[in-house]
1. Determine, at each q value in 0.10, 0.17 (inverse angstroms), the log₁₀ of I(q)/I(0) that the Debye formula gives when each Cα of region 102-251 is one equal point scatterer.
2. Quick one: 3J(HN,Hα) in Hz for region 299-314, Karplus 6.51/-1.76/1.60 with θ = phi - 60°, rounded, Gly and Pro as x.
3. Run the 1.4 Å probe and let me know the accessible area of Asp245, rounded to the nearest 10 Å².
4. In what sequence, largest accessible area first, do Val66, Val154 appear using a 1.4 Å probe?
5. If amide hydrogens are placed 1.01 Å from N in the peptide plane, which non-local residues have theirs closer than 5 Å to the one on Gly109?
6. Counting Lys and Arg as +1 and Asp and Glu as -1, each charge on the Cβ, what is the dipole of region 289-368 about the Cα centre in debye, to the nearest 20?
7. For region 150-192, treating each Cα as an identical point scatterer without solvent, what Debye log10 I(q)/I(0) comes out at q = 0.16, 0.33 1/Å?
8. Counting only protein chains, not ligands or nucleic acids, how are Ile83, Ile59 ordered by accessible area (probe 1.4 Å), most first?
Amino acid sequence: MSFPPPPPPPQPPASAPGPGQPWGPQWNPAGQPVQPTLNGFAVTALVTSLVCLAPLGLIFGIVALVQISRKGQRGKGLAIAGISVSGAVLLLAALVAGTADFKVWTLPGRDSSGEVTRSGWTTILSLRTGDCFNPGTEIERDKSTLNDASVELVPCDTSHRGEAYASFTLSGQRDFPGTDTIAAIAMPRCAKLFLDYSLDPVAHGPLQTYYYYPAEQSWAAGNRTVRCWVAPKGDAELDTTVKRDASDLDSGQLAFLSAVKPLNAAGVLRPAEGPRQDLAGAKAWAGQMAEAQAETIRLLKDADLPGAQRPAGQLVAELEAGLPFWRQATKASDADTFLGHLRSVNEHNGDTYVRRIRELLDLPLPSAQPTQARHDGAAPASTARTSTAPAPV
């Protein structure tokens, strides 16, 4: 009797995993190791450090290193890079904090009329006529550009450095005309516009007018606006607006200030260079002063100044005595002759009578001024004393 051969032993499935490996579709073929996962905190640490969120980058980097060591994940290099960048940023911030001026940029508030009611930071380009503000940087005559184009707008009844009083657009120039050309337009125009904004500029003491003008890069971007503003000389500050128009004055005050306005308007156009540097310019200005003084004399004679008629008549007499010397100055052959005529003008500036008229009309008295017998083409004491300094934006 014969028996059939025994059946072969059972074969393992073709997909059977090796020893110690799980069953099912997760099984890797022999020789292909499992790839560790990338730690998400490591990536986040690097990204936040690069976008200037250094504190978060430092925290995420430390968390990533802890998780990577426990779970065997990838991303250690990313975590270390995030920690390094964040640490460098924080160290730099700590070094700069002692000297840098960090501004909290809260936006200013305005009422329905546009008047500033809440302090806040903005840029020079946002200045409106009538805004009182503190510039982000002081203007220096020997600087060609501003280091800081920010301004802090404040209500005008709080302490402030400057006040914007006018703006105008430069026209007729396609290409950037240069700072000298802009200055030749902006300086006299800003000076005269101030006398329209404040009918009594001497009421606030010695003031200096400034203007912001478009730099070459700003010009190329389409900016053509000159912004005029005023500030006390030195480090003094204002605590009220310098604006003064007819609504702030009675009839006698308005009549007197309107009469001397032509002389003020010509006085602020005094050339930056004296007659020794630019005799022709000084003589041209003397002609403007002669015309202005003649107009002021005419207006004073017609003005109704209650209680101040006598000093007004005395002022007219002084100005009439000084007028011929302005006219002679226009014909001066040299600087010394010009300055001689100017000293004669100053002997008849009528300053004593101006102060008396202002006192009788209840106008603020101007602060004490140095004698006008200066050898630089100074204007009579009755004129406004403002000068103009530029700053590009």
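1. So the normalised log intensities are -0.36, -1.04.
2. For region 299-314, the Karplus-derived couplings read 5, 5, 5, 8, 6, 9, 10, x, x, 10, 5, 5, x, 5, x, 5 Hz, x marking Gly and Pro.
3. About 50 Å², ignoring ligands and nucleic acids.
4. Numbers: Val66 65, Val154 5 Å².
In descending accessible area the options line up as Val66, Val154.
5. Here Thr117, Arg118, Ser119 satisfy the definition.
6. Values: 9 positive and 12 negative charges, 20 e Å.
Dipole of region 289-368, to the nearest 20 debye: 100 debye.
7. Listed by q, the Debye log ratios stand at -0.62, -1.21.
8. Details: Ile83 40, Ile59 95 Å².
Largest accessible area first, the list is Ile59, Ile83.
The values are calculated or read from the model by the stated rules, or taken from the named source; none is laboratory data. Keep in mind that this is a model prediction, so the values were computed, not measured. In this analysis, Cβ positions are derived from the backbone assuming ideal geometry, glycine residues included, and neighbour counts consider all displayed protein chains. Surface accessibility is based on the protein's heavy atoms, side chains included, excluding ligands, DNA and RNA. Shrake-Rupley method; radii C 1.70, N 1.55, O 1.52, S 1.80 Å.
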